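Read the structure below first, then the notes.
The values are calculated or read from the model by the stated rules, or taken from the named source; none is laboratory data. Values in this document were obtained by computation on a predicted structure and should not be read as measured data. Ideal geometry is used to build each Cβ from the backbone, glycine not excepted, and the neighbour counts take in all protein chains shown. These area figures cover heavy atoms from the full protein model, side chains too; ligands, DNA and RNA do not enter into them. Shrake-Rupley method; radii C 1.70, N 1.55, O 1.52, S 1.80 Å.
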Amino acid sequence: MASLKAAAEDKTNPAVSKTTQFAIDPRALEVEEGFNARPLNADHVAEMSLALRNGATFPPLDVRVDDGRILIVDGHHRHAAALDAIAKGFEIKVLDCRQFRGNDADRVAHMLNSASGLALTPLQLGVQYRKLIGFGWTEKQIADRRGKSVQHVKDMVLLGEANSDVHQAVNAGQISGTAALKIVKEHGSKAGAVIKEGVEAAQAAGKTKVTPKALAKGKSSKVSDKQLLEWLLANGQVEPFGVVTDTRDFSITISVPASAGDTTDLRALLTAAAGHQ
């Protein structure tokens, strides 16, 4: 075998064949708005840009042609890294690209299975799985294509269909997608409020992220009505007042910390008073 090219051109040798790649100026490539499931990670782009400037080579990008435009299907970080390297004065004339052929659902599925990009978060997976379901795919078809279980697909879709306040908390890094999924399963449409309460408690404790463990602890530490009544019976100061008629009035005095604010909610006042003892 003199060369791979010669071997590929040898019709009697089925072991070697050629694939078609194209050398394209990275400035001629376009990013399709809203398509990429992975938002660009600036740190990852910087690392790849440095690698390019140090002589590294990357796998070909997958692109498609639509009405004369060359749109990226897979390789957004590689493309951004090339543009960054060019902006820093490094000469990159072309990037190796392969033409992707398939419909809109095929493009989403291909992106999900790409091994060269950053791993998708549970929420990002859920959003993309919902796209495939919108294209007519079943949960089993998605699971088979991804090499995952049907339950995995159901869970990710459930997270993807959660209310926007849940998505905002996950995207802001206030709670992980896995932890948010557990809360969505337990609280449904009220999950966002539960997460918000947990985040506020975490921030009050000097933390930036809430965990399932912290939420469970907060839930278990909530004072019950029975506990409040027992505390009131043991600590409330009862005194009669007013004129005695057919009925008799009594007042119950409790000491409430100033941190309770101006609330008139009896349960909140009792909880604050009990916690202050």
Ranked by how many other beta carbons lie within 10 Å on average, peptides 48-58, 102-112 from highest: 102-112, 48-58
The chain: relative contact order in percent, alpha carbon pairs under 8 Å with at least 6 residues between: 11
Efficiency of FRET from Cβ geometry, Phe250 and Ala119, R₀ 51 Å, rounded to 0.05: 0.20
Helix axis angle, 122-134 relative to the chain longest principal axis, alpha carbon, degrees: 70
Radius 15 Å from Cβ of Gly242, net charge of other residues (Lys, Arg +1; Asp, Glu -1): -2
Extended-chain gain in nm, criterion 0.36 nm per residue less alpha-carbon gap, Asp106 and Ala28: 25.7 nm
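Count the DSSP beta bridges whose two residues both fall in the chain, then state the antiparallel fraction as a percent rounded to the nearest 5. Don't jump to the answer; show the numbers that get you there.
Working: 13 of 18 bridges.
That works out to approximately 70 percent antiparallel.
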Cα-based helix-to-principal-axis angle, 76-87 vs the chain, degrees rounded to 10: 70
Net charge, Tyr129 excluded, C-beta distance under 11 Å - Lys, Arg +1, Asp, Glu -1: +3
GNM result for the chain, Cα springs below 10 Å: residue of Arg130, Arg146, Arg78 fluctuating most strongly: Arg146
Choice from Pro212, Pro257, Pro60 with maximal GNM fluctuation in the chain (Cα, 10 Å cutoff): Pro257
The range 1-137: radius of gyration and largest Cα-Cα distance (Dmax), Å: 17.1, 51
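What is the packing order of peptides 14-20, 268-274, 176-182, 249-255, taking the mean over residues of other C-beta atoms within 10 Å and listing the highest first? Kindly include the intermediate steps, with their values, before the conclusion.
On the way: 14-20: 8.7, 268-274: 17.9, 176-182: 20.3, 249-255: 10.9.
Ranking, from highest mean packing down: 176-182, 268-274, 249-255, 14-20.
State the percentage of accessible surface on the range 82-222 attributable to carbon and sulfur atoms; use a 1.4 Å probe and exclude ligands, DNA and RNA. Please report the intermediate quantities before stating the final value.
On the way: 4150 of 8150 Å².
Solvent-exposed carbon and sulfur of the range 82-222 make up 51 percent of the total.
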Accessible area per residue, Å², the chain with all protein chains present, probe 1.4 Å: 63
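Which value at 222 nm does the chain reach when only helices count, each DSSP H run of 4 or more adding -39,500 (n - 2.57), with the total divided by all residues and rounded to the nearest 500 deg cm²/dmol?
Calculated at 222 nm, the ellipticity per residue is -14500 deg cm²/dmol.
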Between 0 and 90°, nearest 10: helix 225-235 axis offset from the chain longest Cα axis: 40
